[in-house]
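Taking it in order: structure first as structure tokens, then the write-up.
The values are calculated or read from the model by the stated rules, or taken from the named source; none is laboratory data. All of these numbers come straight from a predicted model, not from anything done at the bench. Please note: Cβ atoms are built from the backbone with ideal geometry, for glycine as well, and neighbour counts cover all protein chains shown. Only protein heavy atoms, including side chains, enter the accessible area calculation; ligands, DNA and RNA are left aside. Shrake-Rupley method; radii C 1.70, N 1.55, O 1.52, S 1.80 Å.
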Amino acid sequence: MKDMTLTQEYLVCAVNEKGKIGSMNIEKVVCLLAAGLLELQLAECVTMDQKAAAVTAPLPQDKEYLRSLYDDIANGKGGSIKMDKLLESYTYSLSSKQVRALMGGIGGELEKMGLATRTPATLLSNEGFAPVKGALDGVIDLVRSELLEEGEVTEDIAALVILLEKAGIIKNYFSPYERGQMKDRLKAIVRSPQGRQVGRMVEYVEGMLSIMTVLMVMYQ
């Protein structure tokens, strides 16, 4: 099976059997956005902190499926955008155009790779991308091999586990005991000199979820 990137792995785990996230599941949408931002940062074409994201280099050709998110940042004033504005546009806009574009890019790439099947839009939902048989198992096995079997933990898999936990998805795939083991392993990684980037990822995702909470209160 072909290797997947962070956003592709997250989407495979986050969608339902029809290949859709659901616009009402804001935590899943926020974590999809966070996955895209983290992947662009790891590709060294975007930088971000708790307050803003900024373009620093051209989008690599192999990240073209993240073009819509990259352009959302690049089209901001001075090639940057405040994090609360970006989050608001993805989660509280009257149109789900940006979420559709992001999912379409990631899901379309999975479709090209033979790892997902496109499902039609309905009156109540956008089109989806249902993972093919074995795609989800491949991701779960990879997480298990790195975090539960003392394998080398890559930044992508560490970020994926963080996102799955924050989105409330991880409990669908791992037992309470396994989740406890993974949490302990990630804590040890964050405390190590080599794990500083992972620690920053935790801070970024938690910061985005905090902003989302503030926005939810504002829009009530």
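Structure values in brief
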{"quantity": "Separation of the ARG144 and ALA188 label points, Cα + 7 Å toward Cβ, nm", "calculated": "2.0 nm"}
{"quantity": "Surface per residue (accessible, 1.4 Å probe) for the chain, Å²", "calculated": "51 Å²"}
{"quantity": "Partner lysines for LYS2 [C-alpha distance under 20 Å; skip if fewer than 8 residues away on the same chain]", "calculated": "LYS63, LYS112, LYS133"}
{"quantity": "The range 46-154: C-alpha gyration tensor shape, a/c 1.5 cut-off, then a/b vs b/c", "calculated": "oblate"}
{"quantity": "Sequence-distant residues sharing a close amide H with ALA116 (under 5 Å, placed H)", "calculated": "GLU111, VAL132"}
{"quantity": "Positive dipole terminus of the range 7-57, leading residue within GLN8, LEU40, ALA57 (C-beta point charges)", "calculated": "GLN8"}
{"quantity": "Residue order for TYR173, TYR204 - accessible surface, 1.4 angstrom probe, largest first", "calculated": "TYR173, TYR204"}
{"quantity": "Trypsin sites (Lys or Arg not before Pro) within the range 20-129: DSSP coil, no more than 12 neighbouring Cβ in 10 Å", "calculated": "LYS51"}
{"quantity": "Per-residue ³J(HN,Hα) for the range 34-49, Karplus 6.51 cos²θ - 1.76 cosθ + 1.60, θ = phi - 60°, Hz, x for Gly and Pro", "calculated": "4, 4, x, 5, 5, 5, 5, 5, 5, 7, 6, 10, 9, 10, 8, 9"}
{"quantity": "Whole-percent carbon and sulfur share, accessible surface of the chain, 1.4 Å", "calculated": "53 percent"}
{"quantity": "For PHE129, residues with placed amide H under 5 Å, excluding near neighbours", "calculated": "LYS20, THR119"}
{"quantity": "Among THR122, THR154, THR56: highest mean-square fluctuation, GNM of the chain, C-alpha pairs under 10 Å", "calculated": "THR122"}
{"quantity": "Options (1) 50, 34, 30; (2) 43, 40, 39; (3) 55, 40, 31 - which one matches Cα extents along the principal axes in Å as calculated here", "calculated": "(2)"}
